[in-house]
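**Student:** The following block contains the structure, expressed as structure tokens.
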Amino acid sequence: MNIGFIGLGNMGGPMAANLAAAGHVVTGFDMADVAIDGVTMAASGAEAATGADVVITMLPNGKILRAVADEILPAMTAGATLVDCSTVDVDSARAVADQAAAAGLLFVDAPVSGGVGGAAGGTLTFMAGGSAAAFANAEPLFAIMGQKAVHCGEAGAGQSAKICNNMILGVTMLATCEAFALADKLGLDRQKMFDVVSTSSGYSWSMNAYCPAPGVGPQSPADNDYKPGFAAELMLKDLRLSQQAAESADADTPMGELAQALYAQFVETEGGEGMDFSAMLPRFEKRSRS
Ligand code: NAD
């Protein structure tokens, strides 16, 4: 396939390299001056999109996605598919889907989980929204860049699934960290805490696969001075998107709202920027009740 790839950052760069390594012809564009193995660089997004069967975007947010879509949709060949893998607000995903349809193009919103390691290793999970035809066009590429792709429903469904998942992740990580901090103050050994909770009803991915306590459970960012991993500011971004969606859908999400407030405080006023999102454990540990 001829693939245009726009946004070759931490995630997009390795994803594009994997597509090229699998034999696809990949033409890339990024605002920054980047070079990616096997990818021919274009001078603009529109140039990268011209003549492509599929254009993939991997951009920071919905505002930038909308601006890039304005530029590239007119350059795309009728019947081609735009696959947005960025994490953006549901409204932007739906707006770009409508714009693509009006231009005779197919669209899939396909945010990912798996982080930079998953992008490099080709083991991402894709959560996709769009028509069956659009998903079918993107699926062979998901199989190269990832190990699982779930077609969640119509346009916007991929972003909806992503932010609901990450709202659960933010809330369970906070619950796990505050429980460890309480256990510490009760004099409970951390290893014993892990041994019990990881095999009891408090278990979760945060505890079992990404334990926020150093030296306990599997290797995780806690064992590497809380270097990300999944940075606290990215968790904050996703929690904000979930609250934005909850507001527009009139959904009551008090736990998600509190998680957003705690991560905002951590990132903006407590030095949490650039730390892994599990660094909430040392943050809770240092605090008292008042
Ligand atoms: P990044 O900042 O490393 O990459 C974004 C790239 O987009 C940059 O290289 C930037 O120069 C480029 N860009 C910005 N505006 C552009 C424009 N108008 N035209 C062309 N290029 C432009 O970010 P990332 O970590 O690669 O994340 C990308 C997306 O993936 C985000 O939406 C993020 O939320 C999501 N995501 C990231 C992770 C992660 O662990 N990093 C995990 C899951 C999802």
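**Student:** Of the conditions (1) in contact with a strand residue (DSSP E or B) (Cβ under 6 Å, 6 or more places away or on another chain); (2) more than 16 Å from the ligand (Cβ to nearest atom), LYS162 satisfies every one except a single condition; which number is it?
**Tutor:** (2)
**Student:** What pairs can you find where one residue is in region 196-209 and exposed (fewer than 14 other Cβ atoms within 10 Å of the Cβ), the other is not in a helix (DSSP H, G or I), and their Cβ atoms are less than 7 Å apart, with a gap of 6+ or different chains?
**Tutor:** Going by the 7 Å Cβ cut-off, the qualifying pairs are ALA209/PRO218.
**Student:** If you scan region 99-123, which residues turn out to be part of a strand (DSSP E or B) and near the ligand (Cβ under 8 Å from one of its atoms)?
**Tutor:** Here is the first cut: in region 99-123, the ones part of a strand (DSSP E or B) are 106-109, 112-113.
The answer is VAL112, SER113.
**Student:** Any idea which residue in region 11-27 is surrounded by the most Cβ atoms within 10 Å (Cβ to Cβ), counting only those that are in contact (Cβ under 8 Å) with a residue 40 or more places away in the chain and outside any helix (DSSP H, G or I)?
**Tutor:** Out of the qualifying residues, it is MET11.
**Student:** So for region 168-178 (the condition being surrounded by fewer than 19 Cβ atoms within 10 Å (Cβ to Cβ) and in contact with a Gly (Cβ under 7 Å, 6 or more places away or on another chain)), does at least one residue qualify?
**Tutor:** There is no residue in region 168-178 that is surrounded by fewer than 19 Cβ atoms within 10 Å (Cβ to Cβ) and in contact with a Gly (Cβ under 7 Å, 6 or more places away or on another chain).
**Student:** Right, next: Please go through region 55-65 and give me each residue that is closer than 21 Å to LEU106 by Cα and surrounded by fewer than 18 Cβ atoms within 10 Å (Cβ to Cβ), ordered by number. Break it down stepwise before answering.
**Tutor:** Taking region 55-65 first, the residues closer than 21 Å to LEU106 by Cα are 55-59, 61-65.
Matches in region 55-65: ASN61, LYS63, ILE64.
**Student:** Same structure again: On the basis of being away from the ligand (no atom under 11 Å from the Cβ) and either in contact (Cβ under 8 Å) with a residue 40 or more places away in the chain or touching a helix residue (DSSP H, G or I) at 6+ places or on another chain (Cβ under 8 Å) (or both), does THR40 make the cut? I'd like the intermediate steps shown before the answer.
**Tutor:** Details: away from the ligand (no atom under 11 Å from the Cβ): yes; either in contact (Cβ under 8 Å) with a residue 40 or more places away in the chain or touching a helix residue (DSSP H, G or I) at 6+ places or on another chain (Cβ under 8 Å) (or both): no.
Criteria not met by THR40.
**Student:** For region 1-34, give me the residue count where each residue is more than 6 Å from the ligand (Cβ to nearest atom) and over 11 Å from GLY45 (Cβ atoms). Even if it seems obvious, please write down each step before you answer.
**Tutor:** First, the residues of region 1-34 that are more than 6 Å from the ligand (Cβ to nearest atom): 1-5, 13-28, 33-34.
Retained after the next criterion (residues that are over 11 Å from GLY45 (Cβ atoms)): 1-3, 13-26, 33-34.
Here the count works out to 19.
**Student:** Can you give me the number of residues within region 92-119 that are crowded, with 16+ Cβ neighbours inside 10 Å, of a type outside the set (Lys, Arg) and either under 13 Å from GLY158 (Cβ atoms) or under 18 Å from the mean Cα position of the chain (by Cα) (or both)?
**Tutor:** Residues flagged as crowded, with 16+ Cβ neighbours inside 10 Å, of a type outside the set (Lys, Arg) and either under 13 Å from GLY158 (Cβ atoms) or under 18 Å from the mean Cα position of the chain (by Cα) (or both) within region 92-119 amount to 15.
**Student:** Output the residue which, of all residues in region 212-229 that are surrounded by 19 or more Cβ atoms within 10 Å (Cβ to Cβ) and under 13 Å from PHE277 (Cα atoms), is farthest from the chain's Cα centre (by Cα). If you could, list the steps in order and put the result at the bottom.
**Tutor:** Our first condition is that a residue be surrounded by 19 or more Cβ atoms within 10 Å (Cβ to Cβ); within region 212-229, this holds for 212-213, 216-217, 220-222, 226, 228-229.
Those still in the list that are under 13 Å from PHE277 (Cα atoms) too: 212-213, 220-222, 226, 228-229.
On the way: PRO212: 20, ALA213: 23, SER220: 18, PRO221: 17, ALA222: 20, TYR226: 19, PRO228: 14, GLY229: 12 Å.
Per the stated criteria, the residue is ALA213.
**Student:** Among the residues of region 120-144 satisfying the criterion of being touching a residue at least 40 places away in the same chain (Cβ under 8 Å) and within 12 Å of the chain's Cα centre (by Cα), which is surrounded by the most Cβ atoms within 10 Å (Cβ to Cβ)?
**Tutor:** Per the criteria, the residue is PHE126.
**Student:** Suppose we keep only residues that are touching a Phe, Trp or Tyr at 6+ places or on another chain (Cβ under 8 Å) and assigned to a loop (DSSP other than H, G, I, E, B) within region 219-245. Which one would you say is farthest from ASN61 (Cα to Cα)?
**Tutor:** If we take residues in region 219-245 being touching a Phe, Trp or Tyr at 6+ places or on another chain (Cβ under 8 Å) and assigned to a loop (DSSP other than H, G, I, E, B), then SER220 is farthest from ASN61 (Cα to Cα).
**Student:** Look through VAL88, VAL68, VAL96 and report the one residue that is within 11 Å of the ligand (Cβ to nearest atom), assigned to a helix (DSSP H, G or I) and touching a residue at least 12 places away in the same chain (Cβ under 8 Å).
**Tutor:** On the way: VAL88 fails: assigned to a helix (DSSP H, G or I); VAL96 fails: within 11 Å of the ligand (Cβ to nearest atom).
Going through VAL88, VAL68, VAL96 in turn, just one is within 11 Å of the ligand (Cβ to nearest atom), assigned to a helix (DSSP H, G or I) and touching a residue at least 12 places away in the same chain (Cβ under 8 Å): VAL68.
Yes or no, residue by residue, for (1) closer than 21 Å to ASN137 by Cβ; (2) surrounded by fewer than 20 Cβ atoms within 10 Å (Cβ to Cβ); (3) among the β-branched types (Val, Ile, Thr); (4) modelled with pLDDT of 95 or more:
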{"residue": "GLY9", "(1), (2), (3), (4)": "no, yes, no, yes"}
{"residue": "PHE29", "(1), (2), (3), (4)": "yes, no, no, yes"}
{"residue": "ASP33", "(1), (2), (3), (4)": "no, yes, no, yes"}
{"residue": "MET41", "(1), (2), (3), (4)": "no, yes, no, yes"}
{"residue": "GLU47", "(1), (2), (3), (4)": "no, yes, no, yes"}
{"residue": "ASP53", "(1), (2), (3), (4)": "yes, yes, no, yes"}
{"residue": "ALA67", "(1), (2), (3), (4)": "no, yes, no, yes"}
{"residue": "ASP70", "(1), (2), (3), (4)": "no, yes, no, yes"}
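The values are calculated or read from the model by the stated rules, or taken from the named source; none is laboratory data. None of these values were measured; they are calculated from a predicted model. Virtual Cβ from ideal backbone geometry, glycine too; neighbours counted across all protein chains shown.
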